[in-house]
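Heads up: the structure comes next, in C-alpha cells.
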Amino acid sequence: MSRDSNYDHHISIFSPQGRLYQMEYAFKAASSASGLTGIALRGADTAVVVTQRKVPDRLIVPSSVSHVWNVTAKIGVLATGMTADCHSAVQRMRYEAADFEFKYGYSIPPAVLAKRMADIAQVNTQSASMRPLAVVLLIVGIDDEKGPQVLKVDPAGHYLPFKGTASGAKEQEATNFLEKRVENIPE
C-alpha cells in the first residue's frame, strides 16, 4: 500500500508532497476518457475547432454523438473528457450566457464566459462536497470588440487565450504540430 493512498479521498486534502490527487485524476480523465483529440485555431477573421467523431458503441445512433456544441450564436465549444461532465459543462455555459444577456442586454463575450467557467471549475477544487469536472473546454467565438477568440479552460480553473491549442488524448502531439506553425498564425 502506498503511503500517499490516504490523501486521495477528498478534493481539498494535500499530500505531504503538496499534490491534490483528485485534481490529477480529473486532468487524466479529461485527457483520456473520451479518446478524442480536439484542436482549436484562431485566424484573422475566424475561429474554428476540429475533432474526430468516435462512436463508442455500434448500437448508438452515430448522429447523436458529438463533442462540439453551440453555446450562443457567436460562441461554440469543443469539450473533451467524460461525456456526462461535458454535457453538464455545456449546459452550465448556456445558462451563464443566457443569464448574462438577460442582465446586461447584450451577448456575453467569449473571454467573459471562459472566465466564468474557470471560476466555477476553481470553486469545485475548494469544497469536499463537490468534485472537479473531468472536462477541458476549447471555447471559440467572435467578440464584437476583439474579433475571433480561442480560449481553453481546464478542470483546475485555469483559462488562457490561444492562437491555437489542443486538448484530449493526443494533446501533446497536436500542440507540437501547432507550435511548428505558430509563426503562420496571425496575431
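The values are calculated or read from the model by the stated rules, or taken from the named source; none is laboratory data. Note that this is a predicted model, so its numbers are computed, not measured. Glycine gets a Cβ as well: all are built from the backbone with ideal geometry, and neighbour counts include every protein chain shown. For accessibility, only protein heavy atoms count, side chains too; no ligands or nucleic acids. Shrake-Rupley method; radii C 1.70, N 1.55, O 1.52, S 1.80 Å.
Only one of the listed residues (Lys152, Lys146) is modelled with pLDDT of 95 or more and under 21 Å from Arg42 (Cβ atoms). That residue is Lys152. If you scan segment 38-55, which residues turn out to be under 26 Å from Phe100 (Cα atoms) and assigned to a loop (DSSP other than H, G, I, E, B)? Passing the criteria: Asp45, Thr46. Quick one: would you say Ala156 is touching a strand residue (DSSP E or B) at 6+ places or on another chain (Cβ under 8 Å) and small (Gly, Ala, Ser)? Here the answer is no, as Ala156 does not meet what is asked. Among residues of segment 15-43 that are touching a residue at least 12 places away in the same chain (Cβ under 8 Å) and open to solvent by less than 50 Å² (accessible area, probe 1.4 Å), those with a Cβ under 8 angstrom from a residue that is assigned to a helix (DSSP H, G or I) and polar (S, T, N, Q), sequence gap 6+ or separate chain, pair up as Ser34/Thr83. Considering only segment 156-166, I want to know if a residue exists there that is free of Cβ contacts under 8 Å to residues at least 40 places away in the same chain and assigned to a strand (DSSP E or B). Taking every residue of segment 156-166 in turn, at least one turns out to be free of Cβ contacts under 8 Å to residues at least 40 places away in the same chain and assigned to a strand (DSSP E or B). Using the structure shown, decide if Ala47 is within 21 Å of Glu145 (Cα to Cα), surrounded by 14 or more Cβ atoms within 10 Å (Cβ to Cβ) and either at pLDDT below 90 or among the aliphatic types (A, V, I, L, M) (or both). When the stated conditions are applied, Ala47 passes them. The strands (runs of 3 or more DSSP E) found wholly in segment 56-151 and carrying at least 1 residues that are crowded, with 18+ Cβ neighbours inside 10 Å, small (Gly, Ala, Ser) and free of Cβ contacts under 8 Å to residues at least 60 places away in the same chain occupy 75-81.
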